[in-house]
Every structure is written in C-alpha cells, then in structure tokens.
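Scroll down for the structure; my scribbles are underneath it.
The values are calculated or read from the model by the stated rules, or taken from the named source; none is laboratory data. It should be emphasised that the depicted structure is a prediction, and the values quoted were computed from it without experimental measurement. Virtual Cβ from ideal backbone geometry, glycine too; neighbours counted across all protein chains shown.
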Amino acid sequence: MKTPLFRCLLASALALLGSPLVAQEVPQWQGRFGAGTTRALEGDRSLSVSVGLERSLPGYHWAGGDFSLDLGLYSLRQRNSDDPELDDDVFAAAAGLRWRRGIWVLGFSPAIATSRTSAISGVLQFVSTAGLRGEHIGAMLQHISNGSLHGRNRGETMLMLELYF
C-alpha cells in the first residue's frame with residue numbers, strides 16, 4: 001500500500017533528479033537520493049528510501065573535517081513480520097549536521113517520525129549516520145531511534161547507497 005506521503009517522497013526525489021534548476025539556482029546545496037535495506041532484530045528486511053539536501057558550512061571545521069547542514073526525508077517500508085507492530089510504514093523528517101573528512105562521514109540529526117511501531121516508539125527521534133562518501137556516490141549506515149529519551153525504543157538500522165547530484 002503506497003501512502004500519500006510515500007508518493008510525495010518519491011515525486012520529490014524524481015523532481016530533484018530531473019531538475020537542472022537545483023544546481024543552477026542554488027549551487028551551495030547538493031541533492032541526495034538513497035535506497036537500501038532495513039533489517040529488524042528478527043531478521044525481517046524492508047526497503048528504505050531517502051532524499052535530502054546538504055549545504056556546506058564555510059568556516060565550520062573540526063579535526064581536519066568540514067561540517068555541512070543535512071536535511072533529509074526517510075521512508076522505511078512495512079514488513080511482513082510475525083510482529084504485527086512492524087506492519088506500518090514509517091516516515092521521518094530530519095535536520096542536523098554531517099561532518100566529513102576525506103571520504104569519512106559522521107552525522108547526527110534530530111527527527112520527527114510519523115508512525116509508532118515496536119521499533120520506533122514515538123514522534124521524536126534521532127538519525128545517526130556513519131559511512132563513506134565519494135563525489136557522487138556513498139555508502140551509509142544510518143540508525144533512527146529515540147535514544148530511550150521517552151520510552152523503550154530499539155530503533156531501525158538502514159544500510160543505504162546514496163547518490164549525490
């Protein structure tokens with residue numbers, strides 16, 4: 001079942017990929033599209049999709065790396081699982097920072113999620129990112145969780161292949 005929010009996320013990704021105006025009008029922003037897999041503790045897998053924008057922050061450096069503003073939308077598709085509470089799609093919007101040194105990337109973003117499942121227990125979440133990134137392609141391990149700030153939450157871990165444009 002495709003929800004309206006998932007369709008909007010997919011349409012946004014296609015619009016960003018096909019629009020030369022993004023690079024011409026806003027050169028300091030870089031678009032991102034990612035797809036990958038989410039795996040539950042029980043072994044069930046589902047599709048994960050993300051779209052986002054990054055903007056470098058000139059003058060913000062630490063330990064030989066550079067910071068960038070990171071805006072992202074994430075879709076974690078439902079699973080056919082023995083756990084009925086994993087049968088919902090989860091969508092999240094996040095805004096935070098990424099730090100990049102050479103090919104290494106670390107990131108942290110507060111996020112708002114649309115659904116509650118046995119893995120995502122509330123609206124307020126965090127997205128943690130670690131991975132490798134080249135000029136146009138990257139591989140990221142991302143985890144979305146509430147950090148146990150408002151109840152137990154095991155979170156979701158995503159392995160994403162990202163394309164940058």
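Worth a mention:
- Residue match in the stretch 81-92 (condition: in a strand (DSSP E or B) and at pLDDT 90 or above): no
- Boolean, Leu106 is over 17 Å from Phe33 (Cα atoms), at pLDDT 95 or above and either out of contact with any Asp or Glu (no Cβ under 9 Å at 6 or more places or on another chain) or aromatic (Phe, Trp, Tyr) (or both): yes
- Residue within the stretch 58-73 that is of a type in the set (A, V, I, L, M, F, W, C), more than 16 Å from Gly138 (Cβ to Cβ), surrounded by 15 or more Cβ atoms within 10 Å (Cβ to Cβ) and at pLDDT below 85 present: no
- Residue within the stretch 130-140 that is touching a residue at least 24 places away in the same chain (Cβ under 8 Å) and over 25 Å from Trp29 (Cβ atoms) present: no
- Of the residues in the stretch 115-124, at least one is assigned to a strand (DSSP E or B) and at pLDDT 80 or above.
- Within the stretch 49-73, residues that are more than 26 Å from Arg39 (Cβ to Cβ) have Cβ atoms under 6 Å from residues that are in a loop (DSSP other than H, G, I, E, B) in these pairs: Arg55/Gln28, counting only partners at least 6 apart in sequence or on another chain.
- Selection count, the stretch 127-152, where residues are closer than 16 Å to Phe91 by Cβ and modelled with pLDDT under 90: 3
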